[in-house]
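These notes are about the structure you will find just below.
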Amino acid sequence: MSADGLGPRTVRWTHSVLRMTLQHAVDRGQLVGKNPAKSTKFPPMRHATHVYLTAAEVAALAEKCGPSQGDIVRILAYTGLRFGELAGLQVEDVDLDARRIRVRRSITQVGGKFVDGNPKSRAGRRTVPIPQSLLPLLEPRIRGRPHGEPAVTSPGGSLLSVGNWKRDVHWKESIVAIGRPTLRVHDLRHTYASLSRKAGADLRVLQKAMGHASITVTAHTYSDLYDDELDTIADALDGLE
């Protein structure tokens, strides 16, 4: 985390916008003669350490988070949706009969206001399978409601806000209670990758379900989940003797 509280990726993205803005001014001969942001160098990005919950821990956390909003823990952990993508779902995006979720938008909060935008990348517009175990959780939220309404809402029926949701479910107390005091909400997405891998999901299928731009991104992000495949190399070499 940087000194001003922003993560490394956010700093790089902010700098990129600034660099492009200054370059536009330079190209038009306005305000500045050269782009001072053009030669900025950043230190290498450190590989993030992921926290993966077990299925039992997901169940325990959902219970700790309470009966009205704890189901969101399960939905995130068993679909791999980002919180903003979950907030952006509309009723028509959730097909319970086909067991599919269509991810078409993402909602974020800027200055206290909800902003409706696109998913993180083009690949983020995707279809996600719904496990059978989630149907009893999603059905009461979906059935009989207008297609254009938010699919998953707060108890009062408003759009989901990650900050308000964490307060409602006593997030800090809940993660301490299950022995995972550093768990972030986004780690539920990482948990989806881990549980999918344990269930035998192929890397390319995981890439599509999570909305990564390429299989390379998935392989780099979750290389630790596939360490067991290295044993096949060692076993193959042993077979040559």
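Rule-based calculations on the coordinates, nothing more; no lab input. Please read all numbers here as calculations on a predicted model, not as lab measurements. Every residue, glycine as well, gets a Cβ built from its backbone with ideal geometry; the counts of neighbours run over all protein chains shown.
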Environment charge of N35, counting only residues whose C-beta is closer than 13 Å and scoring Lys/Arg +1, Asp/Glu -1: +3
Over 22 Å (Cα to Cα) - which of K64/K172; K120/K198; K120/K208; K113/K166 fall in this group: K120/K198
